Amino acid sequence: MQNLLFIADEDELSKLQPDDNPKDSFTCMNGLGIDLEMRAQLYSLINGEFLDDCLLLEEPLQTSSDEGPWITRLPRELTQQIADLADEQLTEVVDNWRECSDVEAADLGQDDLSEYLYILTNLCQNTMQEAGLHIYTYTV
């Protein structure tokens with residue numbers, strides 16, 4: 001299952017057609033196959049909320065069918081929390097995230113997770129520079 005995270009303005013996103021791939025129109029990062037469960041574990045480590053609550057953070061926006069693609073939006077508050085992570089916090093978060101069962105089972109290396117979080121942090125920092133921008137996930 002392919003997944004991406006990308007930055008977009010809501011107005012620009014509304015122009016996206018079901019067959020359009022966001023990587024052709026927006027600044028994107030590879031999702032590395034990190035699914036909602038694994039992202040929710042990351043969110044929980046960052047914001048201190050329960051995992052069940054973090055599973056509901058990504059707001060579903062559009063789907064062309066029951067088989068996808070699916071687009072969700074991260075809340076601005078979570079985007080800000082990720083953007084605010086200091087470089088020295090990234091290593092600690094990744095170390096704890098690697099110990100989560102879903103991440104451990106995915107067999108992603110320390111370098112992959114570190115790069116993922118580093119790029120996500122930069123995307124979030126860029127997103128917070130303009131009020132209309134959001135981080136979205138795209139899953140096919």
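One table, with the values for the structure above:
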item	result
Single match in Thr139, Thr127 (criterion: under 15 Å from Asn30 (Cα atoms), under 17 Å from the mean Cα position of the chain (by Cα) and either polar (S, T, N, Q) or at pLDDT below 95 (or both))	Thr139
Set Asp11, Asp66, Asp20, Asp53: member being assigned to a helix (DSSP H, G or I), surrounded by fewer than 19 Cβ atoms within 10 Å (Cβ to Cβ), free of Cβ contacts under 8 Å to residues at least 40 places away in the same chain and among the acidic types (Asp, Glu)	Asp53
Top-ranked residue in the range 23-50 [being assigned to a helix (DSSP H, G or I) and not aliphatic (A, V, I, L, M); ranked as surrounded by the most Cβ atoms within 10 Å (Cβ to Cβ)]	Arg39
Residue in the range 113-128 that is surrounded by the fewest Cβ atoms within 10 Å (Cβ to Cβ), counting only those that are polar (S, T, N, Q) and within 18 Å of Ile34 (Cα to Cα)	Asn122
Flag for Gln110 being surrounded by fewer than 17 Cβ atoms within 10 Å (Cβ to Cβ), over 30 Å from Asp19 (Cβ atoms), at pLDDT 95 or above and out of contact with any strand residue (DSSP E or B) (no Cβ under 7 Å at 6 or more places or on another chain)	no
Counted residues, the range 77-112 - those being in a helix (DSSP H, G or I), in contact (Cβ under 8 Å) with a residue 40 or more places away in the chain and touching a Leu at 6+ places or on another chain (Cβ under 9 Å)	9
Qualifying residues in the range 1-34 (those that are more than 17 Å from Pro75 (Cα to Cα) and of a type in the set (Asp, Glu)) - the one farthest from the chain's Cα centre (by Cα)	Asp19
Hey, Leu117 at positive phi and in contact with a helix residue (DSSP H, G or I) (Cβ under 6 Å, 6 or more places away or on another chain) or not	no
Among (1) at pLDDT 95 or above; (2) over 13 Å from Thr137 (Cα atoms) - the single one Leu74 does not satisfy	(2)
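Condition check ((1) of a type outside the set (Asp, Glu); (2) over 25 Å from Gln81 (Cβ atoms)) across all residues:
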position	(1), (2)
Ala8	yes, no
Asn21	yes, yes
Leu32	yes, no
Phe50	yes, no
Asp53	no, no
Asp66	no, yes
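The values are calculated or read from the model by the stated rules, or taken from the named source; none is laboratory data. Keep in mind it's a predicted model, so treat the numbers as computed, not measured. As a convention, Cβ positions derive from the backbone with ideal geometry for all residues, glycine included, and neighbour counts pool all protein chains shown.
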